[in-house]
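As structure tokens, the structure follows; a few thoughts come after it.
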Amino acid sequence: MPHSPANGLAIAARNREFYNIDNIVIITLPSPALNPTLPQKARPMHNDTRNRILWAMTALFAVFAFVKATPLAAGMKAIIPVVSILVPTVFAFMHGVRRLGWRTMLVFFVITFVVSWCYESLSITTGFPFGNYHYTAKLGPKLGLVPLLIMPAYFAVCYLSWNLAHIVLDKFDQKADAQLRFAVPVIASFIMVMWDMSMDPARSTLNQAWIWHDGGGYFGVPFVNFLGWFLCVYTIFQLLALYLMRSGIREDVTEAASGDDRKTHWHQVTALYGATFIEFVAFAWFAPGGSMTDAAGQAWSVRAMYETLGLVAIFTMLFVTCLAFFKVQASSRLG
């Protein structure tokens, strides 16, 4: 029978399409992606949208890190701690749920929160493992003896360090293997402590967000603090690794959906860690003169401190950032 326009008439009814072509009826159901007017429950964020937001957050954080070292920061003292911690924390969750899922990210957050709070509280009370210190009121409300902002700060940089350890070890997957059990926690701990070595003297001896009672050889910070930091974050990473070993690979997320096979996914965490480093170099560049005195009565040069922290950041944090970037670029398995 010859085809006529009447035979191919499409009748739209209740969001279904009916086609009668030469007595053959075809019923098609619309795709939510093609029909944005349809109700969409729990529709996941598109990767392109997520990536744009993550890159925008990284750029914002980089600018903010630089501005903190300039005279413009004088009018932002009240918001600096909040923004410095909130942006990386939101970034960690947005980036992490794609790869690990909400459940694992919440477990990661809880492990980090509980372990860091316990170690901090223990050290404030007994001096182990970081040394003798206390927090002032500059970081806001506290949970017990520890400011509430401290635990999210641990979590955000722990997340970056965990992913960077995967890059350094060429582990671009979620396989529960020996690397995940042992190597990743150790490397991630070193990467995390690099951050503390770049910022602790400025936050404590100079800005007095916390006070070291007995001073220390690293611009008022004790040697044992960094060993304690390694112990604390290693505990966090090892507990996370054991959890992932036990729970196994997520069956509901393919490698492509998680972003593990994309260079962009890995460049994002590298970029945010690099943005964190900008602050320390900027402070070294704009370092003021003068001196400061720690709680033990030792005087230190402010310029020498900032320049030293800048050098430490360049040859630790920037090194890891460059290494991670080149490893991702050179990986043949990433698209």
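Excluding residues on the same chain fewer than 8 positions from Lys263, give the lysines whose Cα lies under 29 Å from its Cα. Within the straight-line cut-off, Lys263 pairs with Lys171, Lys175, Lys327. Using Cα centres only, tell me the gap between region 203-243 and region 267-281 in whole Å. Each part's Cα centre sits 20 Å from the other's. A protection proxy built from the mean count of other Cβ atoms within 10 Å ranks the segments 125-131, 84-90, 267-273, most packed first, as 267-273, 84-90, 125-131. Here the extension length gained between Asp170 and Leu242 equals 23.9 nm, from 0.36 nm per residue of separation less the Cα-Cα distance. Under the combined filter of DSSP loop state and at most 16 neighbouring Cβ atoms within 10 Å, region 145-254 retains these trypsin sites (Lys or Arg not before Pro): Lys175, Arg250. Using the Cβ-Cβ distance between Lys263 and His213 with R0 set to 45 Å, the FRET efficiency from 1/(1 + (r/R0)^6) comes to roughly 0.45. Heavy-atom accessible area with a 1.4 Å probe sorts Trp195, Trp102, Trp162, Trp285, largest first, into Trp285, Trp102, Trp195, Trp162. Return, ordered by residue number, the residues of region 207-222 whose backbone nitrogen is under 19 Å from a label point located 7 Å along Cα→Cβ of Glu307. Hits in region 207-222 for Glu307 at 19 Å: 218-220.
Site pair Phe223 and Met76 shows an inter-label distance of 3.8 nm when each label is modelled 7 Å from Cα along Cα→Cβ. Loop-resident trypsin sites (Lys or Arg not before Pro) (DSSP state other than H, G, I, E or B) in region 256-335 with no more than 14 further Cβ atoms inside 10 Å of their Cβ: Arg333. Ignoring lysines fewer than eight residues from Lys138 along the same chain, the ones with Cα atoms less than 22 angstrom from its Cα are Lys68, Lys77.
The values are calculated or read from the model by the stated rules, or taken from the named source; none is laboratory data. Treat the numbers as computed from the prediction; the structure is a model and nothing was measured. Note that we place each Cβ from the backbone using ideal geometry, even for glycine, and neighbour counts take in every protein chain shown. These area figures cover heavy atoms from the full protein model, side chains too; ligands, DNA and RNA do not enter into them. Shrake-Rupley method; radii C 1.70, N 1.55, O 1.52, S 1.80 Å.
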